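Worksheet: the structure to be examined is printed underneath.
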Amino acid sequence: MMKFISIFFVAVGMCLITLNSFAATKLVNPEWEFFDDFEGASDSSFWSNPGTSLNYGVNRPSADSKVLEMKFIPNSEGGGDSWSEYDFELGIQAVQVEVSFKMFTPSDYVPVENNDKFFYLFSGKYGHSYANIVVNSEGWGSALGAMPSINVGVDQKNFGHFMVSKAERLPVWKTREGKWSNIQIFLELATEEGDYGYYEIFKDGVLLTATYSKNLITPYSSAPDSDKLIKYSQMGNFIDQGTLLGWANGASNGGFRVDTNFLIDDFRIRANSKHGEVEGADKIPPGKVKNIIIK
C-alpha cells in the first residue's frame with residue numbers, strides 16, 4: 001500500500017527547501033487529460049498541422065505496436081534547415097501542465113550545428129515576441145548531442161535561451177544514441193503578479209534542466225534570474241497550445257546530413273486550469289508550491 005505524506009511549508013528569506021526524492025513533478029488529480037498511443041486514428045480535436053514530414057501510426061520496429069514518426073529531411077526547408085512538427089491544442093486554459101512520452105533517438109542522429117526545437121507551450125499568438133506567455137526548450141548541438149535550453153517569453157518579451165552549464169551538461173538527444181527514452185516535462189505558471197512559475201525536464205528519471213536548478217546561466221544581462229523567468233502574464237496567464245519538435249536550424253554549410261527519424265509513443269498530457277496538488281517534486285522554489293505529496 002502506498003503511503004502519502006503531505007508537506008506544508010512557508011519559505012523564509014533566501015532558504016530553499018529540498019526534498020530527498022528526485023522525481024519529476026506530477027499532478028495528483030488533473031482536471032483534463034489526453035493520451036495517444038498512435039494505434040488508432042489521429043484525434044483532430046487535439047492534433048493539427050502535421051505537415052509532410054510526419055507519419056501517424058507507423059509500425060514500430062521490432063515490436064507489435066505503432067508509433068508517431070517525425071522525419072527531418074536534409075535541407076528540406078532550404079539553408080540547411082529541416083522541419084517536422086505536430087501542433088496541438090489543450091482542452092482547457094491551463095496553469096499547470098504535465099507531459100510525458102517515449103522518444104526514440106535514431107542511431108544515425110548527429111546534431112545540427114545550431115538547434116533543434118524540442119517542446120513548445122504557449123497561449124495567444126505563436127512566437128516569443130507575440131504570445132501571451134511561452135515556455136519552450138530547444139536542443140543545441142555539441143559533441144555529446146543536443147543540450148536542452150529553456151526559453152521563456154512573457155507579455156511579448158523574449159528572455160532568450162537559458163543553457164545548462166558546461167560542467168553539468170546532459171543532452172536531451174545523445175549523438176548516435178539509437179534507443180528509447182522516457183521524457184517528462186512539468187510547467188506551473190505563476191498564481192498572481194509578483195509570483196513566479198517553474199519548468200522542468202526529466203529524461204529517464206534524470207533532471208536535465210529546470211528553472212529552479214543552479215546549473216542554469218543566462219546569456220542576456222536584461223533577463224531575470226532563472227527562478228524568476230516565468231512571470232505572471234498580464235496578457236493571458238494560461239497555456240492552451242503547444243508543439244512537439246519543430247524546426248531544426250542548420251548552418252549555411254550544413255544541417256542534418258541524412259534523413260533523421262525520431263519516433264514518439266505513449267504521449268500523455270495532463271493539466272489543471274487552477275493550481276492543484278502535485279507529487280514527486282524534487283526541489284521546491286521558495287514560496288512556490290504549497291501542497292507537495294511525496295510517495
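The values are calculated or read from the model by the stated rules, or taken from the named source; none is laboratory data. Here the structure is a predicted model, which is why all the values come from computation and not from measurement. No Cβ is skipped: glycine too gets one built from the backbone with ideal geometry, and neighbour counts run over all protein chains shown. Remember, those area values only see protein heavy atoms, side chains included, never the ligands or the DNA or RNA. Shrake-Rupley method; radii C 1.70, N 1.55, O 1.52, S 1.80 Å.
How far apart, in nanometres, would the label points at residue 228 and residue 29 be if each is projected 7 angstrom from Cα along the Cα-to-Cβ direction?
Simple spin-label model gives 3.6 nm for this pair.
In whole Hz, with x marking every Gly and Pro, tabulate ³J(HN,Hα) for segment 182-196 from phi via Karplus 6.51 cos²θ - 1.76 cosθ + 1.60, θ = phi - 60°.
9, 10, 10, 10, 9, 10, 10, 7, 5, 8, 6, 4, x, 9, 9
Filter 203/274; 102/125; 179/274; 125/179; 157/274; 117/179 down to the pairs with a C-alpha to C-alpha distance above 30 Å, please.
As for pairs spanning more than 30 Å Cα to Cα, those are 179/274; 125/179.
By its C-alpha gyration tensor, with a ≥ b ≥ c as the square roots of the eigenvalues, how is segment 92-180 shaped: rounded for a/c under 1.5, else prolate for a/b larger than b/c, else oblate?
It comes out prolate by the Cα gyration axes.
Over segment 131-210, with the other protein chains present, what is the accessible area per residue in square angstrom, probe 1.4 angstrom?
For segment 131-210, the solvent-accessible area averages 34 Å² per residue.
Name the residues whose placed amide hydrogens come within less than 5 Å of the amide hydrogen of residue 232, ignoring near sequence neighbours (fewer than 5 apart) on the same chain.
194, 195
Does a label point 7 Å from the Cα of residue 258, set along Cα-to-beta-carbon, have any residues of segment 64-90 with amide nitrogen under 15 Å, and which are they?
It comes to 72-74, nothing else.
Counting only protein heavy atoms and using a 1.4 Å probe, what share of the accessible area of segment 44-153 belongs to carbon plus sulfur, as a whole percent?
Ligands and nucleic acids excluded, carbon and sulfur give 47 percent.
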